[in-house]
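Chemist: First the structure, then my questions, so here it is.
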2 protein chains.
Amino acid sequence: MLAQCRALAAKGQVHLAFPERLGGGDNPGANLAGFEELVAADPSLQIKAGVQWGLFASAILHLGDEEQQDRLLPAAMDLSVPGAFAMTETGHGSDVASVATTATYDPATEEFVLHTPFRAAWKDYLGNAAVHATAATVFAQLVTGGVNHGVHCFYVPIRTTGEDGRAGEFLPGIGGEDDGQKGGLNGVDNGRLHFDHVRVPRRDLLSRYGSVDADGTYSSPIDSPGRRFFTMLGSLVQGRVSLDGAASNAAKIGLQIAVTYGNQRRQFTGASATDEVVILDYGTHRRRLIPAIAEAYATHFAHDRLLDLFHTVFSGEEDTPETREDLETTAAALKASSTRFALDTLQETREACGGAGFLTENRITSLHADMDVYATFEGDNTVLLQLVGKRLLSDYAKELKGATPGGMARYVVDRAASAALHRTPLKRAAQAFADQGSARRAAGHLRETDTQRALLTDRVDTMVEELATALRPAQKAAPVEAARIFDAHQAELVEAAKAHADLLRWEAFTQALTQIEDSGTREVLTRVRDLFGLTLVERNLAWYLINGRLSGQRARTVTSYIERLLVRLRPHAQDLVDAWGFGPEHLRAKIASGAEAERQDEARAYYRELRASGDAPVSEKSQKKAQAKVGASRR
Amino acid sequence: MLAQCRALAAKGQVHLAFPERLGGGDNPGANLAGFEELVAADPSLQIKAGVQWGLFASAILHLGDEEQQDRLLPAAMDLSVPGAFAMTETGHGSDVASVATTATYDPATEEFVLHTPFRAAWKDYLGNAAVHATAATVFAQLVTGGVNHGVHCFYVPIRTTGEDGRAGEFLPGIGGEDDGQKGGLNGVDNGRLHFDHVRVPRRDLLSRYGSVDADGTYSSPIDSPGRRFFTMLGSLVQGRVSLDGAASNAAKIGLQIAVTYGNQRRQFTGASATDEVVILDYGTHRRRLIPAIAEAYATHFAHDRLLDLFHTVFSGEEDTPETREDLETTAAALKASSTRFALDTLQETREACGGAGFLTENRITSLHADMDVYATFEGDNTVLLQLVGKRLLSDYAKELKGATPGGMARYVVDRAASAALHRTPLKRAAQAFADQGSARRAAGHLRETDTQRALLTDRVDTMVEELATALRPAQKAAPVEAARIFDAHQAELVEAAKAHADLLRWEAFTQALTQIEDSGTREVLTRVRDLFGLTLVERNLAWYLINGRLSGQRARTVTSYIERLLVRLRPHAQDLVDAWGFGPEHLRAKIASGAEAERQDEARAYYRELRASGDAPVSEKSQKKAQAKVGASRR
């Protein structure tokens, strides 16, 4: 895996995000766009490369000053120093602000003393740390003059480098161990590190957002410790953006394999006495795979938008606190939804391929195993969704105060306009009335872009509004009671965030439709978008019913319209997955290679010839019928 | 793995199901009850043992006559002949009736000629076949005198046996290959077999349900080829019964690990400034794990009932076509629901344990990988649910004709009585009226056993009735149109079968409550049952709303009542999972060993001492506040 990383370094693709003066491309968007495709080669390669260039070198780039970049980046970029990104501790996963490792400044020697106070403070799960890393960017509480200035990042050599360039022994004061085997991603050497009063030169505190003078005086361009912390962690967002893209790709690969197989595999005879049915022609199989194709398209288009936004911010084109916040919230929402989607889809496609899906040669189980951890690393999905939910609440509060709605609203252009539509019970009654006896009309209505937008937008708005109301008493309550109130609504907060992510994906899909020039393509993809929109409505049908947004009768038409869409999209299923552009070299799955079609054709040809030869044995059943006839005619 | 199987053979536990005259115990129920616990040791061991004694030796037991049992069983039982069960073909998974391997009788030599006509007819995925098997029970179309009598089973030596007892080379005419690496269960040597005109002595056709005289005359105690086929396949049901138990155990193990960890792992401070919160105290975490505990209990009790039924039939206590059919349908319904539940739960528990859940040392990912294939082997879940759905339809048809309802109904005693309750829209209006302003009363109502039963039963009945009506036109339609109609309702058929399985599990749980003597235990478990019942209602809330079974207001109370139950059950979570009786030797997960609590205690003690010492650094934030105060007082 390290050798493959060296090949990537030699090609320079992984240097695109770095400064031109150091041989990079100053092009963060292009870098991520390439990086997230690595998942098709091997998720372990992607993560191993992500650790080196997306985390370790990136920390030097984003948290170091120019002198530190010039001094430390070249070796990180060309992989002569493989590095670990030592943030997470055994005792603290998503709660980075609470890491327990300390870096206490000693003015006598102008060094920081890096120390691990107890077992739970071991740095844990660090890629490269078990074997290859010779240095690490270590996050620790910076203490100087008796004051804790919060989490900062330090550049720390951790192992000797042999003449062959390989990592040698741990340096004095540093220890660690291998994390051992994992459920997947075993091409990455995750490990643990701990520090026993390790001395770090003053200038190896990465100093862009905080530095310490020789005498121990702390200074920072950002006055608020809270804002400083979030700014330093801000560069981590690129990990989430790229995981969103990688998850989208993994789901697509699973779907392309399963749809290809589903179009070739035959099982059970249907209407015909001799021909077995291609399994994608079964109603249950369509239901398993085609809505997932629609969701993969939505995930794809939403990721495209996210990547644009990322590039806008990280290239400096429009790097403001608002766009940063917007990027972080959107990345959190989409990473959480796409990694969930990828896992669910890989599981479904594995099962849809039956036992063949379970063979490693058919790739899906390995992808599932590797992607499994994407749901909890680079921010646990549940924690991320809570962040998104909180942002939705604060946007709502700002709107109430008459402030301009946050940048988020750019995704949801006519949110305010559509939202008013479904507020009154009157509307509900009117709809129930209008629907009577006209399921077709109701379905027609559901096909309209505005109806779908109104349904999806309204749900987010209403959930946020209800949450804000429910949480209001917490503002004036004692801490224990406030925590209880918040906890009681945590599940709803997460639901609102999911609904928001759904809306983002639907809007991105809808906007993408306007870019399609070929009318046939646009027509099919509009149906695919409708399928996605209605699948979202169907998933939350109870909400729409309880809140009077859909009458019982219209709710029924949601499912029946989905069924009709599935039948209409069925003939396009193969084209829809092939359009993603993964070739056999990316899929690398035997069952998607045409082998199944060959086997089926051979079997069918055998039976055809046997029937034609007249040598085919008759079945006992038809023999008995014939005997019965003969018996009857003799009587 | 073979050595471990030899240890099992030496202990005799795996012989319980076999005849006493051959050293067995004639006790099929006890045998399965023990067998399904093997999953805690290692799912590969379970499946490897299942292949040898549950499939290979079982085929000889159930399909052979007494002479064949006496001749062939001892070596299968003591593992001196490791065997494969060669039924599945590459081209035919769940559709066993269509296997393409032929066994054509040759009266000249009194032998069958076993032949694989094309690649898709290779026997595939056979445990023991890749390495260890020296014989196989092979399923093939029996042809004699130009008539195909359908699938029968043949005993066929496939490899030489060395002096050390190990499998040697393939015998002449037999070939095969290893299936290669799989997504899990890699302790089982799955492989493929094919036959090139292999000669099998006439008396090695396992002859209980069909035999051929020397001159080629076929005879069978079962006249109908269809019924004969299903009777022969009937013994396979024990695989499904045991997988139901194994899946239930795997889910429990995952839950016990995750709940133990969730009770020790702390993350983020809540109301307290210093103490981090145990993660199971978070609302989202309760939601992830506690409903799954309830479902595990339901799955457990339902499996107990199934095991009873299995023993009743297989011990011969009550072996009738009706009880057999009942057993097969119930096993299909429960196997499909419990394997799905196990996979979902293992995924959820893995994520609930964060990165720690992804480490192999914590067991969950391996269990998930191994259990993955349980969803599609021994009958693909989707296919099984269709069988269940068809049975529900035929029971419904029988009831309409005034016949006694099938044995199934014994599980659903007062189905007819409760079903009438919620049929009319009038009822709906009355309920909406009664509910006004009284959410508490509505919740009280939902807690009642009869209400839950009525809601769950009514859903099954109504779905089946609607399906029967929708499918009626297919009876008179041309084959193509009939197939289209059936296909259009396939998804609903599967849904109805799932609803039926849910009801079975709920009824089993409810019945189990009556057996609990300790009133405290009964009270807690009744709440657990309520949680399970209401979780089922919540999952299908849209259905209840659309069909007027719940008003919008009462539907809201379903979720809020679940939330209240979760809070009340939270303190019992650990007891509930510990009650399943898995000790550290079964869990074998580091994070469930107390290591996490130790780490957390050490960290908290460290900070406590630091605070007490007065040496703790102050935070920048409080320093700034203090400076601001000093500055203000100086003014």
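Chemist: For the stretch A:315-325, just list the computed ³J(HN,Hα) in residue order, Karplus coefficients 6.51, -1.76 and 1.60, θ = phi - 60°, integers in Hz, with x standing in for Gly and Pro.
Modeler: In residue order, the calculated couplings are 7, x, 3, 8, 9, 10, x, 5, 5, 4, 5 Hz.
Chemist: For an R0 of 35 angstrom, estimate the FRET efficiency from the Cβ-Cβ distance between A:Val618 and B:Ala41 and round to the nearest 0.05.
Modeler: Once the sixth-power term is evaluated, E becomes 0.10.
Chemist: Which whole-Hz ³J(HN,Hα) couplings does the stretch B:65-74 yield from phi under the Karplus relation 6.51 cos²θ - 1.76 cosθ + 1.60, θ = phi - 60°, glycine and proline marked x?
Modeler: The phi angles translate into 8, 4, 4, 5, 4, 4, 7, 9, 5, x Hz.
Chemist: Further question on the same structure: Per DSSP H run of n ≥ 4, the term is -39500 (n - 2.57); total these for the protein assembly as shown, divide by its residue number, and report the mean residue ellipticity at 222 nm rounded to 500 deg cm²/dmol.
Modeler: Helix-only estimate at 222 nm: -18000 deg cm²/dmol.
Chemist: To continue, here is another question. How large is log10 I(q)/I(0) at q = 0.06 Å⁻¹ when the Debye formula is applied to the Cα atoms of the stretch B:237-578, each weighted equally and without solvent?
Modeler: Those come out to -0.23, one per q.
Chemist: Please sort by residue number the GluC sites (Glu not before Pro) in the stretch A:102-188 whose DSSP state is loop and whose Cβ has at most 12 other Cβ atoms within 10 Å.
Modeler: For GluC sites (Glu not before Pro) across the stretch A:102-188 that sit outside H, G, I, E and B with at most 12 neighbouring Cβ atoms in 10 Å, the list reads A:Glu163.
Chemist: A follow-up question, please. Work out the charge dipole of the stretch A:2-221 with +1 on the Cβ of Lys and Arg and -1 on the Cβ of Asp and Glu about the Cα centre, then indicate which of A:Ile158, A:Asn186, A:Gly83 is farthest towards its positive end.
Modeler: Checked the options; the winner is A:Asn186.
Chemist: What residue among B:Pro107, B:Pro584, B:Gly354 has its Cα farthest toward the positive end of the dipole of the protein assembly as shown, where the charges are +1 on Lys, Arg and -1 on Asp, Glu, each on the Cβ?
Modeler: B:Gly354
Chemist: Under a plain spin-label model, where a point goes 7 Å from the Cα along Cα-to-Cβ, how far apart in nm are B:Glu481 and B:Thr526?
Modeler: Output for this residue pair reads 5.6 nm.
Chemist: If you bin every alpha carbon distance in the stretch B:2-221 into 5 Å steps from zero, what whole percent lands in each bin?
Modeler: Spelled out per bin, shortest first, that is 1, 7, 15, 19, 20, 17, 12, 6, 2, 0, 0.
Chemist: Mind giving me the nanometre distance, one decimal, between the label points for B:Arg199 and A:Val131, set 7 Å out from Cα along Cα→Cβ?
Modeler: Result for the modelled spin labels: 5.5 nm.
Chemist: Now a separate question. Identify all lysines with a Cα-Cα distance to A:Lys123 below 28 Å; exclude those on the same chain that are fewer than 8 residues away in sequence.
Modeler: Within the straight-line cut-off, A:Lys123 pairs with A:Lys48, A:Lys182, A:Lys335, B:Lys590, B:Lys621.
Chemist: Considering the options B:Ala33, B:Phe195, B:Thr559, tell which one lies farthest towards the positive end of the dipole of chain B, charges being +1 on Lys and Arg and -1 on Asp and Glu at the Cβ, about the Cα centre.
Modeler: B:Thr559
Chemist: Could you check the spin-label model distance between A:Thr320 and B:Glu317? Points 7 Å from the Cα along Cα→Cβ, value in nm.
Modeler: 7.7
Chemist: Separate question: What's the average, rounded to a whole number, of partner chain beta-carbon atoms within 10 Å of each residue's beta-carbon in A:212-225? Show your work: numbers first, answer last.
Modeler: Numbers: counts 0, 0, 0, 0, 0, 0, 1, 0, 1, 0, 0, 2, 3, 5.
Per-residue shielding by partner chains comes out at 1.
Chemist: Taking a temperature of 37 °C and a viscosity of 0.692 mPa s, what whole-number D in µm²/s does Stokes-Einstein yield for chain A with Rh from Kirkwood over alpha carbon pairs?
Modeler: 120
Chemist: Same structure again: Would you mind giving the mean number of other chain beta-carbons within 10 Å of the Cβ of each residue in A:619-628, as a whole number? If you can, show how the numbers build up before the last one.
Modeler: Working: counts 6, 13, 7, 2, 6, 4, 0, 0, 0, 0.
Shielding by partners across A:619-628 averages 4.
Chemist: How high is the FRET efficiency between B:Ser224 and A:Glu67 when r is their beta carbon distance and R₀ equals 56 Å, given to the nearest 0.05?
Modeler: 0.05
Chemist: Measuring from centroid to centroid over Cα atoms, what is the spacing of the stretch B:562-635 and the stretch B:17-78 in Å?
Modeler: So the separation of the two Cα centres works out to 51 Å.
Chemist: To make sure I understand the rule: partners must be aspartates and glutamates, Cα under 16 Å from the Cα of A:Lys398, and not fewer than 8 residues away in the same chain. Which ones qualify?
Modeler: Excluding near neighbours in sequence, the set is A:Glu322, A:Glu325, A:Asp326, A:Asp461, A:Glu465, A:Glu466.
Chemist: Quick query: amide H of A:Phe154 versus all other amide H atoms, modeled in the peptide plane; which residues come in under 5 Å with a sequence gap of 5 or more or a different chain?
Modeler: When sequence neighbours closer than 5 places are left aside, the close amide H contacts are A:Val138, A:Phe139, A:Ala140, A:Leu206.
Chemist: On to the next question. How much length would be gained if the chain were fully extended between A:Thr160 and A:Arg604, taking 0.36 nm per residue of separation minus their Cα-Cα distance, in nm to one decimal?
Modeler: Working it through step by step, the gained length comes to 153.4 nm.
Chemist: What average count of beta carbons from other chains do you get within 10 Å of the Cβ of residues in A:346-355?
Modeler: Per residue, the average neighbour count from other chains is 5.
Chemist: Counting other Cβ atoms within 10 Å, keep those with at most 13, restrict to DSSP loop, and tell me which trypsin sites (Lys or Arg not before Pro) in the stretch A:176-211 are left.
Modeler: Working: sites: A:Lys182, A:Arg192, A:Arg199, A:Arg202, A:Arg203, A:Arg208; in loops: A:Arg208.
In loop regions of the stretch A:176-211 (DSSP not H, G, I, E or B), there are no sparsely surrounded trypsin sites (Lys or Arg not before Pro).
Chemist: Can you list residues from other chains, or at least 5 along the same chain, whose modelled amide H is less than 5 Å from the amide H of A:Arg199?
Modeler: Close amide H contacts, sequence-distant or interchain: A:Leu114.
Chemist: Further question: Relative to the longest principal axis of chain A, what angle (0 to 90°, nearest 10) does the C-alpha long axis of helix A:449-476 take?
Modeler: 40
Chemist: Then there's this: Using alpha-carbon pairs under 8 Å, 6+ residues apart, how would you state the relative contact order of chain A in percent?
Modeler: 13
Chemist: Oh, and also: Between B:Asp344 and B:Glu177, what length in nm is gained on full extension when 0.36 nm per residue of separation is reduced by their alpha carbon distance?
Modeler: Taking B:Asp344 through B:Glu177 to full extension adds about 56.8 nm, to one decimal.
Chemist: Something else now. Measuring label to label, 7 Å along Cα→Cβ, what does A:Gly583 give against each other copy in nm, shortest first?
Modeler: Distances between equivalent label points, in nm: 5.9.
Chemist: Per residue, how many Å² of accessible area does the stretch B:237-578 show with a 1.4 Å probe?
Modeler: In whole numbers, the stretch B:237-578 has 36 Å² accessible per residue.
Chemist: Can you give the relative contact order of the stretch B:40-116 as a percent, counting alpha carbon pairs under 8 Å and 6+ residues apart? Spell out each step's value before the answer.
Modeler: Values: 59 pairs, mean separation 15.5, N = 77.
It comes to 20 percent, rounded to a whole number.
Chemist: Please list 3J(HN,Hα) in residue order for the stretch B:55-63, calculated via the Karplus relation 6.51 cos²θ - 1.76 cosθ + 1.60 where θ = phi - 60°; whole Hz, with x for glycine and proline.
Modeler: 10, 4, 5, 5, 4, 5, 4, 8, 10
Chemist: Please state the charge dipole magnitude for chain B, taken about the Cα centre, from unit charges on C-beta atoms (+1 on K and R, -1 on D and E), reported in debye and rounded to the nearest 20.
Modeler: Charge dipole of chain B: 3640 debye, to the nearest 20.
Chemist: What do the square roots of 5 times the Cα gyration tensor eigenvalues come to for the protein assembly as shown, in whole Å, largest first, as semi-axes of the equivalent ellipsoid?
Modeler: On the way: eigenvalues 602, 273, 185 Å².
The equivalent ellipsoid of the protein assembly as shown has semi-axes of 55, 37, 30 Å.
Chemist: Considering Cα pairs under 8 angstrom that are at least six residues apart, work out the relative contact order of the stretch A:237-578 and quote it in whole percent.
Modeler: RCO, the stretch A:237-578: 24 percent.
Chemist: FRET efficiency for B:Phe170 and B:Asp26, Cβ-Cβ distance as r, R0 = 41 Å, nearest 0.05?
Modeler: The computed FRET efficiency comes out at 0.70.
The values are calculated or read from the model by the stated rules, or taken from the named source; none is laboratory data. Worth saying up front: this structure is predicted, and the values here are computed from it rather than measured. Positions of Cβ are backbone-derived with ideal geometry, glycine not excepted, and every protein chain shown enters the neighbour counts. The protein model used for the area step is the full one, side chains on, heavy atoms only, and it has no ligands, DNA or RNA in it. Shrake-Rupley method; radii C 1.70, N 1.55, O 1.52, S 1.80 Å.
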